[in-house]
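Notes for the one structure printed next.
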Amino acid sequence: LMNLLIMWLVFNNFFGNNVDHYVVYLFAGQLIFSYFSDATNLGMSSLVGNAGIFTKVNVPKYLFLFSQNVSSLIFFAFVAIDGIAFTWKFVFLVYPVVCLVIFNLGLGLILSALFVFFRDMQYLWSILTQLIMWLSATFYTIDSYSHTVQCMFLLNPLYLYIRYFRKIVLEGTIPTPQFHLLALAYAVGAFVIGAYMYRRYNHEFLYYV
């Protein structure tokens, strides 16, 4: 909330005049990014941080990652503030939340596996998360860009999920089927890759933690 307040004070005069309900626009982007950042950063260290448990007891290692993601979900309780009327379309917000959870779990699986072998991963990821934030239009709009550039923003999964929230909450429109498929593809793709890495390197984790 403090971070949101600071960003609102800084960017409101630059972008707020061109965006209806700018606080909610900013809030949606900031909350989703915060959840993404917390879930992936906490998930990345979940294996190493719980090495004392799974090196002595044979438990499914992915459970440590799941607990970190679920604890961050409280961020989504604050999405629709600023007096915007709730409509039946808000039900569709479940879809990007589920996709984002699956995407974060998959990315967490990938990062936590890499972190076991490459401890410098935490520094690289902190830089990448900042880059992702700037490319996710959390506090600015992309309306002034050409259609081609706007489509390129959809290559960023986090922007896609933020855009979904804004379409439902601020614009009152339901994204296209292609939008839904792309959101699902990012989630499933990340999770499949992460699950493969856990299965492939499951026994090697014990030797590196």
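The values are calculated or read from the model by the stated rules, or taken from the named source; none is laboratory data. Values in this document were obtained by computation on a predicted structure and should not be read as measured data. With ideal geometry, Cβ positions are generated from the backbone for all residues, glycine too; neighbour counts draw on all protein chains shown. Areas reflect the complete protein model, heavy atoms only, side chains present, ligands, DNA and RNA absent. Shrake-Rupley method; radii C 1.70, N 1.55, O 1.52, S 1.80 Å.
Applying 1/(1 + (r/R0)^6) with R0 = 41 Å to the Cβ-Cβ distance of Trp8 and Tyr201 gives a FRET efficiency near 0.40.
Other residues lying with their Cβ under 13 Å from the Cβ of Ile193 contribute a combined charge of +2, Lys and Arg counting +1, Asp and Glu -1.
If R0 is 25 Å, what FRET efficiency do you get for Thr176 and Gln122 from their C-beta distance, rounded to 0.05? Efficiency, from the Cβ-Cβ distance: 0.10.
At the residue level, Thr87 shows approximately 70 square angstrom of accessible surface with a 1.4 angstrom probe and all protein chains present.
Each of Ser34, Ser126 has its accessible area taken with a 1.4 Å probe; listed largest first, they run Ser126, Ser34. Per-residue Karplus couplings for the stretch 19-30, computed as 6.51 cos²θ - 1.76 cosθ + 1.60 with θ equal to phi - 60°, are listed in order as 10, 5, 6, 4, 4, 5, 4, 5, 4, 4, x, 5 Hz, Gly and Pro entered as x.
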